[in-house]
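Before any comments, here is the structure.
The values are calculated or read from the model by the stated rules, or taken from the named source; none is laboratory data. The model shown is predicted, which means the values in this text are computed figures rather than measured ones. Cβ sites come from the backbone with ideal geometry, for glycine too, and all protein chains shown count toward neighbours. These accessible areas exclude ligands, DNA and RNA; they are computed on the full protein's heavy atoms, side chains included. Shrake-Rupley method; radii C 1.70, N 1.55, O 1.52, S 1.80 Å.
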Amino acid sequence: MYAEQFSAAASLSGYFSPHEDEMTGSLFGGQEKLHQENDLTWRIQHLPIPHDAIFAAIGQAEGGDEGMW
């Protein structure tokens, strides 16, 4: 997150971790650090909570592995 550039973030029905499959290929060239930096769940568990405002919304039918809880 770039707090010095952005003061807020929003996610509407977004994914908390990058989805990689045959279609996307390796989004981060096999670099685990880049993958982790783009995984909101990993960031919340391993890094200090950012001071940015974050809005995340998800529909009731969108739970599952990528849902909010």
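Residues of the stretch 30-63 that are more than 16 Å from PRO18 (Cβ to Cβ) and touching a Phe, Trp or Tyr at 6+ places or on another chain (Cβ under 7 Å): ASP52 alone. Just one of the listed residues (GLY14, GLY29, GLY25) is part of a loop (DSSP other than H, G, I, E, B), of a type in the set (Gly, Ala, Ser) and surrounded by 10 or more Cβ atoms within 10 Å (Cβ to Cβ), and it is GLY14.
In the stretch 38-62, the residue that is most open to solvent (accessible area, probe 1.4 Å) out of those that are in a loop (DSSP other than H, G, I, E, B) and over 24 Å from SER26 (Cβ atoms) is HIS51. Within the set GLU4, GLU37, the sole residue that is acidic (Asp, Glu) and modelled with pLDDT under 80 turns out to be GLU4.
If you go through the stretch 1-11 and keep only what is within 14 Å of the chain's Cα centre (by Cα), surrounded by 10 or more Cβ atoms within 10 Å (Cβ to Cβ) and of a type outside the set (S, T, N, Q), you end up with MET1, ALA9, ALA10. Pairs linking a residue in the stretch 40-69 that is closer than 13 Å to LEU12 by Cβ to a residue that is part of a helix (DSSP H, G or I) and at pLDDT 75 or above, with Cβ atoms under 9 Å and 6 or more positions apart or on different chains, are ILE54/LEU40; ALA56/LEU40.
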